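One structure is given below, encoded as structure tokens.
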Amino acid sequence: MLTALLIVPLLAALIVFAIKSDKVRNLALGFSIIELLITLVILFQFDKNGGEQFITNCSWVHSLGINFNVGLDGISLMMVLLTTFLTPLIIFSSFTNNIKNPSAFYGLLLLMEMALVGVFISLDGFLFYVFWELALIPIYFIAALWGGENRIRITFKFFIYTLFGSLLMLVALIYLYNQTPDHSFALKSLTGLTLPRGAEAWIFWAFFIAFAIKIPIFPLHTWQPDTYTNAPTSGTMMLSGIMLKMGLFGLLRWLLPIVPNAVEDYAKYAILLAVIGVIYSSCIALIQSDLKRLIAYVSIAHVGLIAAGLLSQKQQGLSGGVLQMLTHGVNAVGLFFIVDIIERRTKTRTISELGGIANVNPLFAIFFMIILLGSVALPLTNGFPGEFLILTGLFQYNAWIAAFVGLTIILGAYYMLKSYQRVMLGTTNSITESFRPLTTVETSVLLIICALVFLIGIYPNLFLEFINPVVPNYMSH
Amino acid sequence: MIQNAWLIPLLPLIGFLILGLGNKFLTKSLSGIIASGTVLGSFIIAVTIFLGFLSGENKATTINLFDWINSGTLHISFSFLIDQLSMLMVLIITGVGFLIHVYSIGYMSHDEGFTRFFAYLNLFVFSMLLLVLGSNYVIMFIGWEGVGLCSYLLIGFWFKNQDYNDAAKKAFIMNRIGDLGFLLGIFLIYMTFGSVNYAEVFEGAKGFASGDSVLVVITLLLFIGAMGKSAQIPLYTWLPDAMAGPTPVSALIHAATMVTAGIYMIARSNVLYTLAPITQTIVLFVGLFTAFVAATIGLFQNDIKKVLAYSTVSQLGYMFVALGVGGYSSAMFHLTTHAFFKALLFLGAGSVIHAMSGEQDIRKMGGLKKYLPITYITFLLGTLAISGVPPFAGFFSKDEILALTIGPFSNIIFIVLSFTSVLTAIYMFRVFFLTFHSTFRGTEEQKHHLHESPATITIPLVILAILSTVGGFLGMPRIMSEHHFLSQYLAPIFEFSDLKSEAKAPSEFAEYTIIIVAVVVLALIVLWAMNRYIKKASVPPADDKQTPALRNLIYNKYYIDELYDAIIVAPINWFGKQFNNIIEIQMIDGFVNSIGKTVIWGGKTLRLVQTGAIGFYIFVMVAGIIAILLYNFIR
């Protein structure tokens, strides 16, 4: 069953690559919906209290002990659901743009989907690494070929940044592989290892840096604002909505259980970095003049909080962190789509040039407001349950850290309402007075996102029921 | 009936959804009917449940709707607690709320955003009901933030005006400062008691010694939340700015209901506060200081709504003083009467503003008595009530709080609070006389338009005026009656605190003295004000006139806003800029780029080594072999 999740997008990508037609985007959308349906079938057959399920394990490179080993637990299922849900939504939202060379573009998107699913279901370290690297390639081309000005330089920086992290991870993986008695990359073998304290320490940092770059965590984040701002909107959505969860998921599955003692020793420093990053990027968001760049910094703040929650090693911190990964995926896609809608109509993203859009397009103003409320974690919207749980976990870890990072709820309201006011409220000007009504595609995408803002906010247990039972597996003590 | 109490918040929510989704299709009158009708429905249900409590047929009940957030040992259920305290609040919210809805039909009739306005109002009532009905702190927090959102939306209702939007944003953010305190309080409650449900928390707290530091910290954190929502110093400057919203909003949200959420929260948590005497003292002094400072600012304001806004801040201070001395039911009593007369005063002010074509400056009013007879009489009753003239509502509730403050802290509280009462009467009669008496000072065009408001406006005024007149009989002092209705009704809620508290009832002599002194002083104030504003027809100076320094300081609200700008807002923006320009661009990115440059430089340099001259290669090779030999030799 899980293999189908990899084969469908792979085949789809190949087919889409091969067909040179403007209608190819419908095909891409169709395939990604099939992928979503498969995920839903798995979801309904899934046993919430059953641990790892749907396991496929066969030998791949026999001589090196590398296996094609995939499987799902509740948390990875949620990540797969996020991926297979957002991908069709992102493809659909791109229908508003006329994309040059669509078969290559959508082919790359589908290839990326496959790699992302692969990352979330791998139970073999080598397989994980392969998918991890594979995911980088399509997004590199998407950003480099369809991006804005400076795209080559910026994409190259992003590429080098993450490749550097990946290499650290590879070294750590090979070291671990050599330590296993049966020379295996299997997650089970790696978590069963007892390592010298010193080795655990450097492995912790090697993994952490690799994941921290992807997430990104301060101070390894400087590729992110440039890349998010310059990549085409679909690329930015894939990056922020799904791809950065690879890093968070990596923390959870490939760091916490493998080096528990080092986590005990060093998690505090990692949390400190994450928490500083939250406040730091919130402050920078306050002074951004470019709306897309502002959302990029908001994203750093949000994922920093998630990372801190995961590293807190508390039940609520972990549950909330995973739930917030879903929420962040939805909201990031929503916010970047909002920016895209504004930019396509006004040809600008500079906040000070906009204003009064709510007068011309009240419906758009309502959608923006709802997503904004989710982003500032108003109760009964999707931002709240996760943030509440993360802060509960962090508070048990250290009350002062929770109080400090809690400042983000004030700063978050400040920068979001400030930019909303400048962009949407007030009187119209020559740029915004002819703001076109929303198209059907835009309205549908925004409706879906807003529905999720309320669904996760009002009934988070729907998702927490999958997450909660497996959380203890990721707590080292 | 009590099992159906979940209908109470549901009805306004349905109203909100209908108005929100059907915005384009509904006529104005239909929108008004739906919005007021749903609130009236909730009110009727609330009355039946309330009567059940009076007859003793209803007991405090928890209604469980569904599990909201579960994680580990944390279980937050979406459930309501129906008891005496929550029902009292529900009655005020839906009762006064309904009147204000009806009033708004007339007041907002010419506004193009009519349906949107009523959708927001319904959403507000829903959130406020969640706040008071929740059976745990997290549900209270939903309502708490929800009313903050509605307040934001309604203050900035006329969103073309960026000043209004600034006021709205300020209200939301200042409230969020308080909310962070509240949230941290909830975390500590969960850590301490393993639950966030009132029942389990209060039961657990009873096992703690009085003055336990955990309880002190919890209560202080909750109080930070209360300070934000109920506009106490230092988190009060948003409330006067919030007057940018339409006047019915000021009456409902910024006078009668939302701003009293902090009072409700502490009354609800009375067990915790009674066990944390240090916090109680802090609550007491914050309330006292706020009551006094806000009253002084109110003395010199010329915007009719601003005067009422500062008056609200001041009256909320009174309620916190009552909470601080353990007079929980007295605080709730004043909350109730204040809801009546302050809603009345705001709605009256709205009627005046309506008649004056939007003018809010009392220097440009005067002599409105004959044009607006109903508004005039009802406003007078409101003024009498807030000033504490017997037998109007404010007299009883304020007298009760004053009586509680006799004794502790060598009567300092009593003295300051009494003096504040004097100030209250002064600024209220100042507004009253300047607005309604003497001669008209506005433009000819305004004079031409002067008219009494329609029935949808005057009927709520009359009803609220009646309530402001007789509302005080809910709780009469001991010297007049054996039965204090409200405190007996609320007794089950404050049972534990009343047992613990040492506050003793004032002597009969003290009560008589308070009443007599109050009457005499009030009479003197009225005479003074009549002399000044009617006989001498004195009008406050224009803004550009030179005034004494102290008056200037107070008129400019002690420059608190400017102070906040300088010590909070400016530094945050400064941090943002420095982070971006120095750390982000120069340090981190500079470091990253320098690595890149080094690699490129290294590549360029090494490339030069590949000269293509075979002789050079051989030379390097031989040199290398010699070096290896030497290395081995030395080792």
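The values are calculated or read from the model by the stated rules, or taken from the named source; none is laboratory data. No experiment lies behind these values; they were computed from the predicted model shown. Positions of Cβ are backbone-derived with ideal geometry, glycine not excepted, and every protein chain shown enters the neighbour counts. When the accessible area is computed, the model is the full protein with side chains, heavy atoms only, and any ligands, DNA or RNA have been set aside. Shrake-Rupley method; radii C 1.70, N 1.55, O 1.52, S 1.80 Å.
Side notes on the structure shown:
- In the context of the full set of protein chains, chain A has a per residue accessible area of 31 Å² (1.4 Å probe).
- 3J(HN,Hα) along the range A:171-184: 4, 5, 5, 5, 4, 4, 4, 5, 7, 5, x, 9, 6, 9 Hz, from the Karplus curve 6.51 cos²θ - 1.76 cosθ + 1.60 with θ = phi - 60°, whole Hz, x for Gly and Pro.
- GluC sites (Glu not before Pro) lying in DSSP loop within the range A:101-178, provided at most 15 other Cβ fall within 10 Å: A:E149
- If you take all other residues with their beta carbon under 13 Å from the beta carbon of A:G118, and give Lys and Arg +1 and Asp and Glu -1, the sum is -4.
- Dipole of the range B:136-555 [Lys/Arg +1, Asp/Glu -1 at C-beta], most positive-end residue of B:A343, B:H354, B:L486: B:H354
- Dmax and Rg, reported as Rg then Dmax, of the range A:260-477 (C-alpha, Å): 18.3, 61
- Global geometry of the range B:84-160, whether rounded, prolate or oblate, following the gyration tensor of its Cα atoms and the 1.5 cut on a/c: oblate
- In this structure the range B:568-634 gives 81 Å² per residue of accessible area when probed at 1.4 Å with all protein chains present.
- Lysines whose Cα lies under 24 Å from that of A:K20, excluding same-chain neighbours fewer than 8 positions away: A:K100
- Rounded to the nearest 10 Å², the accessible area of A:R422 at probe 1.4 Å: 120 Å²
- Values of log10 I(q)/I(0), in the order q = 0.21, 0.26 Å⁻¹, for the range A:100-153 under a Debye, Cα-only, solvent-free model: -0.74, -0.92
- In the range B:176-211, comparing the full protein assembly with the chain on its own, the residues that lose 30 Å² or more of accessible surface at a 1.4 Å probe are B:R176, B:L180, B:L183, B:L184, B:F187, B:Y190, B:M191.
- The residues packed around A:P9, meaning those with a beta-carbon under 12 Å from its beta-carbon, carry a net charge of -2 if Lys and Arg are +1 and Asp and Glu are -1.
- For the range B:568-634, radius of gyration divided by Kirkwood radius, i.e. Rg to Rh on alpha-carbons: 1.46
- Listed by chain and number, the aspartates and glutamates whose C-alpha is less than 15 Å from the C-alpha of B:K229, apart from same-chain residues fewer than 8 away, are B:E145, B:D179, B:D241.
- Sorting the Cα pairs of chain B by distance into bins of 10 Å, from 0 upward, gives 3, 15, 25, 24, 14, 6, 3, 3, 3, 3, 2, 0 percent per bin.
- A dipole drawn for the range B:509-634 from +1 and -1 charges on Cβ atoms has a positive end, and of B:A542, B:Y558, B:T611 the residue lying farthest that way is B:A542.
- For B:K59, a cut-off of 14 angstrom between C-alpha atoms picks up these aspartates and glutamates, skipping any fewer than 8 places away in its own chain: B:D83.
- Global geometry of the range B:391-432, whether rounded, prolate or oblate, following the gyration tensor of its Cα atoms and the 1.5 cut on a/c: oblate
- Each other residue within a Cβ distance under 11 Å of A:K48 adds +1 if Lys or Arg and -1 if Asp or Glu, for a net charge of -3.
- Computed [θ] at 222 nm, deg cm²/dmol, the protein assembly as shown (DSSP H ≥ 4; -39,500 (n - 2.57); rounded to nearest 500): -23000 deg cm²/dmol
- Within the accessible area of the range A:49-163, the carbon and sulfur atoms contribute 63%, probe 1.4 Å, all protein chains present.
- Projected area averaged over orientations for the protein assembly as shown, convex hull of C-alpha atoms, nm²: 52.1 nm²
- Inter-part distance where the range B:596-629 and the range A:406-456 are each reduced to a Cα centre, Å: 59 Å
- Where Rh is the Kirkwood radius over Cα pairs, Rg/Rh for chain A: 0.95
- Taking B:E200, B:E112, B:E57, B:E452 and ordering them by how much accessible surface each has at a 1.4 Å probe, largest first, produces B:E112, B:E57, B:E200, B:E452.
- Applying a DSSP loop filter and a limit of 12 other Cβ atoms within 10 Å to the trypsin sites (Lys or Arg not before Pro) in the range A:193-249 leaves nothing.
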